[in-house]
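S.K.: Dropping a structure here in structure tokens format, bear with me for questions.
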Amino acid sequence: MVIKSSAVHRREMSDSPVITPDASGIGLAVAALQRGALVGIPTETVYGLAADARNPSAVAAIYAAKGRPHFNPLIAHVASIAMARCEVMMDERGEALAAAFWPGPLTLVLPTAPHSHTCELARAGLGTLAVRVPSHPVAQALLTLMNCPLAAPSANPSGQLSPTSANEVATELGDAIELVLDGGRCSSGIESSIVAILPNCAATLLRPGAIAREAIEAIVGPLAAPENNTITAPGQLQSHYAPRASVRLNAEQVGPGEILLGFGARAPSGARNLSVAGDLTEAAANLYQALRELDALGTQTIAVMRIPSFGLGEAINDRLRRAAAPRSR
Ligand code: TXA
Ligand code: MG
């Protein structure tokens, strides 16, 4: 109900929910969030679907808008390490990772602080909380003004590709959001790396992402893999991050009904290429946009060339494997 009245309110102001993030645009976003509405926000990784993490009905609206199972917890975004320390209990390893990578595309899963502001629904009732300090200047400005954690999953319907532009958010979730702040195309283009730092457990890489494993291991040593029976996060479900077309991996050739997604100089010229130079950071930044573009052509299958698995290639291959997995939808 909150969403409906907010959406109507927005349409009275303008037809498009996409707003320039100047002082007045950010002011509108703050007002919307404070009254429990949802706002699309840019981050350096992908766009987020944000709500005040203290407000259970606003958080419930996120789950409804995404069609996300209620048991999946949300990342709490905060403006600074100091604010993160109010929400979670950081040991030396957490502090070292925060000092190295925040603000930036790292999410830490830590024990929830006793006086965390986040509501139980945002945490999905777990004793841990995922936190991150985004570096995007618009996210920083908004979080600083809000002075509270914002719960924000990627702003896509559950199971589909994450958006890397404001217009994609408006197209796919426009009815659920009051507005989306236009912070331009996301620079990383792939979600944050998620590391769990829990007492008496090795640091664990729950989701490879925009920071290469090698860079994280340089700070905390070797990262453990998650135990299978603990994997409940939607980003860890087998079929996820999926375009409409089916996806075939490690393609050497293009078959009937297929269109190529290339990588590196070996790809035929004229093919959509994630990075002609073979640069994995550039490829990660282009991944979702390229999949969306090829999907929009109505092709049956997207055939993707082999991508190396070091550096950001680990996250790219993780997303591609899930996009290629059998669908339940
Ligand atoms: O880059 C990103 O991380 C983006 C931007 C918007 O910040 N957010 C994002 O959120 O990707 P989401 O909800 O699409 O993915 C977060 C993942 C989910 O798989 C969720 O289940 C997992 O993090 N997660 C959240 N809290 C957790 C917790 N306490 N323990 C384990 N996994 C958790
Ligand atoms: Mg997501």
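The values are calculated or read from the model by the stated rules, or taken from the named source; none is laboratory data. Since the structure is predicted, the reported quantities are computational estimates derived from the model, not experimental observations. Cβ atoms come from the backbone with ideal geometry, glycine included; neighbour counts cover every protein chain shown. We work out accessible area using only protein heavy atoms, side chains counted, and drop any ligands, DNA or RNA first. Shrake-Rupley method; radii C 1.70, N 1.55, O 1.52, S 1.80 Å.
S.K.: If a residue has to be within 12 Å of ligand 1 (Cβ to nearest atom) and assigned to a loop (DSSP other than H, G, I, E, B) to count, how many in segment 150-183 make the cut?
M.R.: 12
S.K.: Here's a follow-up. Six or more apart or on different chains, Cβ atoms under 7 Å: show the pairs whose first residue is in segment 87-99 and within 20 Å of residue 74 (Cβ to Cβ) and whose second is of a type in the set (Gly, Ala, Ser) and modelled with pLDDT of 95 or more.
M.R.: The qualifying pairs are 87/76; 87/113; 87/116; 88/113; 89/113; 90/98; 98/84.
S.K.: Then there is this: Out of all the residues in segment 119-129, is one or more more than 17 Å from residue 153 (Cβ to Cβ), modelled with pLDDT of 95 or more and away from ligand 2 (no atom under 16 Å from the Cβ)?
M.R.: No, because not a single residue in segment 119-129 is more than 17 Å from residue 153 (Cβ to Cβ), modelled with pLDDT of 95 or more and away from ligand 2 (no atom under 16 Å from the Cβ).
S.K.: May I pose another question? For segment 118-145, which positions are under 15 Å from residue 87 (Cα atoms), more than 8 Å from ligand 1 (Cβ to nearest atom) and not in a loop (DSSP other than H, G, I, E, B)?
M.R.: 120, 121, 122, 131, 143
S.K.: Moving on to the next point. Can you tell me how many residues within segment 216-240 are open to solvent by less than 40 Å² (accessible area, probe 1.4 Å) and at pLDDT 80 or above?
M.R.: Adding up the residues that qualify gives 6.
S.K.: Given the residues 36, 40, which is the only one that is in a loop (DSSP other than H, G, I, E, B), touching a residue at least 12 places away in the same chain (Cβ under 8 Å) and away from ligand 2 (no atom under 13 Å from the Cβ)?
M.R.: Answer to the check: 36.
S.K.: Ok, one more. Quick one: in segment 184-194, of everything that is of a type in the set (Gly, Ala, Ser) and open to solvent by 10 Å² or more (accessible area, probe 1.4 Å), which residue is nearest to ligand 1 (Cβ to nearest atom)?
M.R.: So, considering only residues that are of a type in the set (Gly, Ala, Ser) and open to solvent by 10 Å² or more (accessible area, probe 1.4 Å), the one nearest to ligand 1 (Cβ to nearest atom) is 188.
S.K.: When you look at residue 171, is it surrounded by fewer than 22 Cβ atoms within 10 Å (Cβ to Cβ) and either within 15 Å of residue 40 (Cα to Cα) or in contact with a helix residue (DSSP H, G or I) (Cβ under 6 Å, 6 or more places away or on another chain) (or both), yes or no?
M.R.: Yes; evaluated as a whole, the condition is true for this residue.
S.K.: Specify which of the listed residues (259, 316, 307) is of a type in the set (A, V, I, L, M), outside any helix (DSSP H, G or I) and crowded, with 23+ Cβ neighbours inside 10 Å.
M.R.: 307
S.K.: To continue, here is another question. Going through segment 195-208 one residue at a time, which ones are over 17 Å from residue 85 (Cα atoms) and either in contact with a Pro (Cβ under 9 Å, 6 or more places away or on another chain) or in contact (Cβ under 8 Å) with a residue 40 or more places away in the chain (or both)?
M.R.: The answer is 202, 203, 204, 205, 206, 207, 208.
S.K.: While we're here: Which one is farthest from ligand 2 (Cβ to nearest atom), of the residues in segment 43-60 that are open to solvent by less than 10 Å² (accessible area, probe 1.4 Å) and either modelled with pLDDT under 95 or assigned to a helix (DSSP H, G or I) (or both)?
M.R.: Among residues in segment 43-60 that are open to solvent by less than 10 Å² (accessible area, probe 1.4 Å) and either modelled with pLDDT under 95 or assigned to a helix (DSSP H, G or I) (or both), the one farthest from ligand 2 (Cβ to nearest atom) is 58.
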